[in-house]
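Reading through the structure tokens given below for one structure.
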Amino acid sequence: MKKPVVALVGRPNVGKSTIFNKLVGKKLSIIEDTPGVTRDRVYGSVNYGEYKFHLIDTGGIELGNEDFNNEIRVQASLAIDEADIVVFVVDGKDGLTSDDFLVRDMLKKISNKVIVAINKCDSKKIKETEYEFYELGFENYIKVSGEQGDGIYDLLDAITENFPKFEEDNEDGIVKFSIIGRPNVGKSSLVNAILNEERVIVSNIAGTTRDAIDTEFNYNNEKYVVIDTAGMRKRGKIYENVEKYSLLRSLKAIDRSDVCVLVINAEEGIIEHDKHIAGYALEAGKAIVIVVNKWDLIEDKDSAIKRWKEDIAFNFQFMSYAKIVFLSAKTKKRIHTLMPEVLSAYENSRKEIKTSLLNKVIADAYELNLPPSYKGKRLKIYFASQVRCQPPTFNIQVNSKGLVHFSYERYLENKIRESFDFSGTPIVINFKSKGEQ
């Protein structure tokens, strides 16, 4: 099922990003601590009990040299267009300002979807300013402290009050893969090449795809679904200037995919936004194929392939397992190389390893390279098992998980990958202290 979308809106310096980090929680560190992925976060996923939703921090959407008030309007517009719930963040310490009323006027048209979060409620001034916020005229008010975490669960309860409990989509046996990437890298052209017909609008103007489009097709007498992601929802200067907005389209498609196909423009090379989008696919635990598109425009292709592989290895260190395909969606050259890699990544993401084989690999790796001791204690590994697929997830029981250094975890992952073909898919290793469930 699709996850609802929640947006944090408000003037600068009211604490939107602090609340964002509190709501997203530890999940944020999965990507932030990974080499090669920048810390510029605009979107996140929130898991709260039986509920899951996407979270937008509109304060992270910068427009450059736009007029200050216009920037606030644009961020609110993005939230209004996309969000199921808008959390209007105000500053309980400083009280209301004219910018707060500017945001209020925009949000009035969707007042039934607005929750006012009065931030910095740990301030001594909150008693003086609290009641003035009722001038905004909304129904729902929650006092929070993004810094201290006070009221965050009350806010989560209010956000999810009318959300359906999250359920994974029913397994229908049809492999779904999404075409993700920043605007104007050739996503729609690639979909057309896969389908071999002009089903999707193709244009050189970034942002002409209006929404995520699911198309069923046959390949080798089997049914598949390809999901084309929209770079922008609306045409016009406002949306074309907010490139990060395309991330939300990618997020929605990533959720529903078994495999993500990240498209990179061979003419332009790799930019930070490509890594942002790849990072979300990693965070979602999805198998991935990297496509270098517009390959027909590259001269001396043999040497270019070597340079590109080195460039991808450097920029995408956090997913060195990714499959790489070089093709031209426009001319359809090498298009036949894509589907086999998509299916290979999918099969590897569903692979199950026998417990006896897994334990032999882990035991051999341990004997070959004993972990260093720390304060007289050394990590001991007792038992390993695979607990799920998509992505392949392994639990390793140890004497104390506090003794696991990240370099040794990486070593064990590399040994698992050397023994079993998990190319194209991330794998997850959870260390459990003895007696921990």
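The values are calculated or read from the model by the stated rules, or taken from the named source; none is laboratory data. Quick caveat, the model's predicted, so the values are computed rather than measured. Neighbour counts run over all protein chains shown; Cβ positions are idealised from the backbone, glycine included. Quick note on the areas: whole protein, heavy atoms, side chains included, nothing else; ligands and nucleic acids left out. Shrake-Rupley method; radii C 1.70, N 1.55, O 1.52, S 1.80 Å.
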Inset, instruction - Sort out for me the Cα centre separation of the stretch 264-299 from the stretch 212-229, rounded to whole Å. - result: 20 Å
Inset, instruction - Calculate what fraction, in whole %, of the accessible area of the stretch 275-400 sits on carbon and sulfur atoms when a 1.4 Å probe is rolled over the protein chains. - result: 51 percent
Inset, instruction - Could you please state how large a percent of the accessible area of the stretch 83-125 is carbon and sulfur, counting protein chains only and using a 1.4 Å probe? - result: 45 percent
Legend entry - Top positive-direction residue, dipole computed over the stretch 271-320 with Cβ charges, set I298, H273, G285: G285
Inset, instruction - Obtain the nm distance between the two label points defined at N112 and K165 by a simple spin-label model: each point lies 7 Å from its Cα along the Cα-to-C-beta direction. - result: 2.5 nm
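Quick one: if the Förster radius is 25 Å, what FRET efficiency do K223 and R350 give, using the C-beta to C-beta distance and rounding to 0.05?
0.90
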Inset, instruction - Would you mind getting the accessible area per residue of the stretch 306-437, heavy atoms of the protein chains only, 1.4 Å probe, in Å²? - result: 57 Å²
Legend entry - the stretch 305-369: trypsin sites (Lys or Arg not before Pro) in DSSP loop, at most 12 other beta carbons within 10 Å: K354
Inset, instruction - Please report, in debye to the nearest 20, how large the charge dipole of the stretch 307-437 is about its Cα centre when each Lys and Arg carries +1 at its beta carbon and each Asp and Glu carries -1 there. - result: 160 debye
Inset, instruction - Run through the DSSP bridge list for the stretch 386-437 and note the antiparallel percent, rounded to the nearest 5. - result: 25 percent
Inset, instruction - Determine the alpha carbon to alpha carbon distance for each of K120/K375; K109/K286; K176/K330; K22/K323; K354/K375 and list only those over 31 Å. - result: K120/K375; K109/K286; K22/K323; K354/K375
